[in-house]
1. Which residues, taken from segment 6-17, are surrounded by 24 or more Cβ atoms within 10 Å (Cβ to Cβ) and assigned to a helix (DSSP H, G or I)?
2. Do any residues in segment 209-220 that are over 14 Å from Ile179 (Cβ atoms) have Cβ atoms under 9 Å from those of residues that are part of a loop (DSSP other than H, G, I, E, B), where the two are at least six apart or on different chains, and which pairs are they?
3. List the helices (runs of 4 or more DSSP H) that sit entirely inside segment 20-122 and contain at least 1 residues that are within 22 Å of Pro177 (Cβ to Cβ) and open to solvent by less than 30 Å² (accessible area, probe 1.4 Å).
4. Whether any residue in segment 134-148 is open to solvent by 30 Å² or more (accessible area, probe 1.4 Å) and closer than 24 Å to Asp57 by Cβ is what I want to check.
5. Can you spot a residue in segment 166-178 that is within 30 Å of Asn114 (Cβ to Cβ), touching a strand residue (DSSP E or B) at 6+ places or on another chain (Cβ under 7 Å) and polar (S, T, N, Q)?
6. Under the condition of being in a loop (DSSP other than H, G, I, E, B) and under 22 Å from the mean Cα position of the chain (by Cα), which residue from segment 189-212 is surrounded by the fewest Cβ atoms within 10 Å (Cβ to Cβ)?
Amino acid sequence: MRKSLLILTGHSKGLGRAILDAYLKKDEFEIIGISRTVLGLENPKLTEVSLDLGDLDALENDLVSLFPQGEFDEVILINNAGWIGEIKVVGSLQIRMMREHVNINLLAPMLMTNAFVAAYKDSTAKKIICNISSGAATKPMEGWSKYCSTKAAIAMFTKVAAKENSTSQFRFFSVAPGIVDTQMQHEIRLADGLDFPEIERFKSYKENGDLSTPESVASKISYLLANESEFEEVIQDVRNFDLPD
């Protein structure tokens, strides 16, 4: 049997939990789940690591242990953890929350990606890095300056890493998951309309049933990574392809 490894951040809720569940069904995968809170699941295929990705010193101290060596046929890193943070216009942002936002949405996945490449550069395994981005990476949204900026930055970081490794066995993807029915969307709907003029549109997504389920998005991400040769571009959006019948 093939032996594969998935390293997944933000695995305890939302899209991350759905991705976790999808890969737990794959017999060949061992999984390292990294979140501030752990699920406590008793599954021999899952190792949970309690880690606040906003604490870069703690992350740096644990980096080596997060990328175990072994005879793997495939190793995958999915940097899924993300945070919408406070929805406020520029001029009203809190410095502490700006710093934490950049740590979680940008610097943590950059550190994880860098460590992943260093750990597996000599491995003969198939190697994939998937950084979860957002449509907000290319669309300015009032009140979302931090979120839009960090998602745009991680998309560009991923493109640069892919260009640097164009002749290696690494594949890099920056994947927009669409608008998913998660806790983040709930937090968005609680924003102040003065800071977020588009709040009514986001409320309508929920009311009209227009939100994607985490499970459907996880299935698409799983398909993309399992069939990476079908997807040439680094920047991907799950809304641009359908699963085969």
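The values are calculated or read from the model by the stated rules, or taken from the named source; none is laboratory data. Here the structure is a predicted model, which means the values were calculated and not measured. Don't worry about glycine lacking a Cβ; one is built from the backbone with ideal geometry, like all the others, and counts go over all protein chains shown. Each accessible area value is taken on the protein alone, full model and side chains, heavy atoms only, with ligands, DNA and RNA left out. Shrake-Rupley method; radii C 1.70, N 1.55, O 1.52, S 1.80 Å.
1. Answer for segment 6-17, where residues must be surrounded by 24 or more Cβ atoms within 10 Å (Cβ to Cβ) and assigned to a helix (DSSP H, G or I): Leu15, Gly16.
2. Going by the 9 Å Cβ cut-off, the qualifying pairs are Ala218/Pro177; Ser219/Leu243.
3. 95-102, 108-120
4. No, because not a single residue in segment 134-148 is open to solvent by 30 Å² or more (accessible area, probe 1.4 Å) and closer than 24 Å to Asp57 by Cβ.
5. Yes, there is a match, as at least one residue in segment 166-178 is within 30 Å of Asn114 (Cβ to Cβ), touching a strand residue (DSSP E or B) at 6+ places or on another chain (Cβ under 7 Å) and polar (S, T, N, Q).
6. So, considering only residues that are in a loop (DSSP other than H, G, I, E, B) and under 22 Å from the mean Cα position of the chain (by Cα), the one surrounded by the fewest Cβ atoms within 10 Å (Cβ to Cβ) is Asp210.
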